[in-house]
1. Looking at the structure I just gave you, is Arg137 basic (Lys, Arg) and in contact with a strand residue (DSSP E or B) (Cβ under 7 Å, 6 or more places away or on another chain)?
2. Looking at Val135, Val116, Val131 in this structure, which one is at pLDDT 95 or above and not basic (Lys, Arg)?
3. If I filter segment 140-172 down to residues being in contact with a strand residue (DSSP E or B) (Cβ under 9 Å, 6 or more places away or on another chain) and acidic (Asp, Glu), which single residue comes out as surrounded by the most Cβ atoms within 10 Å (Cβ to Cβ)?
4. Restricting the search to segment 142-200, which residues are of a type in the set (D, E, K, R) and either under 15 Å from the mean Cα position of the chain (by Cα) or assigned to a helix (DSSP H, G or I) (or both)?
5. Is there a residue being farther than 24 Å from Pro158 by Cα, of a type in the set (Gly, Ala, Ser) and exposed (fewer than 12 other Cβ atoms within 10 Å of the Cβ) anywhere in segment 47-65?
6. Output the number of the condition that Ser8 fails; it satisfies all remaining conditions of (1) at pLDDT below 90; (2) in contact with a Lys or Arg (Cβ under 6 Å, 6 or more places away or on another chain).
7. Which of the residues that make up segment 63-101 are more than 16 Å from Tyr179 (Cβ to Cβ) and among the β-branched types (Val, Ile, Thr)?
8. Considering segment 39-65 alone, what residues qualify as being of a type in the set (A, V, I, L, M), in contact with a helix residue (DSSP H, G or I) (Cβ under 6 Å, 6 or more places away or on another chain) and within 23 Å of Glu121 (Cα to Cα)?
Amino acid sequence: MSGVASASPSVPGFGGLAAPRPVCPLVGSLAPEARAALRRAVEGAGRAERPRRVGRCAQELVRQGLRPDPAFLSASGPGYRQFLVHVDREADLSVEWLVWGPGQSTPIHDHRCWCVAVVAEGAEAETRYSVTRAVRRSELHAVGAAVREAGGLAVLVPPSDIHQVSNPTDGLAASLHVYGTDISRVGTSIERVYDPLDIA
C-alpha cells in the first residue's frame with residue numbers, strides 16, 4: 001500500500017491505472033534489534049512462507065513497543081504519508097511507516113509484491129476486492145471488510161491482494177509495513193490503481 005498513485009496510462013484489460021515509479025528515499029531508520037528480527041524471520045523460509053512469518057514478526061515488534069518516529073506523526077499533507085526506514089537488499093525486504101489523518105484513504109489498488117501491515121496507532125479499515133474480467137468491462141466485487149486496531153495484522157499476497165485502506169477515526173492512525181521488494185528502487189508497492197466506478 002505504499003504511495004498514492006496518480007493518473008498514468010490505462011492498464012490493458014482493466015479500467016485501472018499503472019502506478020508511477022518514483023524513487024523512494026530512506027527518511028529514517030529502524031532499530032537494529034528490529035532489523036535483526038525481520039532478517040531471522042525470512043532466513044530458511046520458502047517464498048510461500050515468508051509473508052506469514054514476517055507478518056508474525058512485525059506483529060510481535062509492535063506488541064513489544066515499536067512505534068514510528070514522533071516526527072512522522074506530526075507530518076501533514078493532503079493524503080496519507082509513507083516513511084521508508086529500512087531496506088535489506090539481501091533479504092529482499094523494505095520497511096515503512098504509513099501515517100493516516102482522519103478520513104484519509106488509499107485508492108483501490110493491488111501490489112507488485114507481497115506485503116504485511118500491522119496497526120500501531122489508532123485503527124484502519126480495509127475492504128478487499130476480487131475482479132471479474134470481461135471483454136467489454138471488468139468488475140470489482142467486495143469480498144471482505146475489517147477494522148483493525150493496534151496489533152491488527154493484514155497479509156497480502158498477489159494475486160489475491162486488491163484492497164482499499166482508510167482511517168475511520170477522528171485521530172491519527174499509523175501502521176508498520178513490510179514489503180517483499182526494494183521500495184527505495186521501485187518507489188511504491190502499488191502495481192495498479194482501480195476505478196471505483198468498476199465496483200459491481
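1. The answer is no for Arg137.
2. The unique qualifying residue is Val116.
3. By that ranking, first place goes to Asp161.
4. Passing the criteria: Arg148, Asp161, Asp182, Arg185, Glu191, Arg192, Asp198.
5. For segment 47-65, residues farther than 24 Å from Pro158 by Cα, of a type in the set (Gly, Ala, Ser) and exposed (fewer than 12 other Cβ atoms within 10 Å of the Cβ): present.
6. Of everything listed in (1) at pLDDT below 90; (2) in contact with a Lys or Arg (Cβ under 6 Å, 6 or more places away or on another chain), Ser8 misses just condition (2).
7. Val99
8. Val54, Leu61, listed by residue number.
The values are calculated or read from the model by the stated rules, or taken from the named source; none is laboratory data. Keep in mind it's a predicted model, so treat the numbers as computed, not measured. Note that each Cβ is placed from the backbone with ideal geometry, even for glycine, and that neighbours are counted across all protein chains shown.
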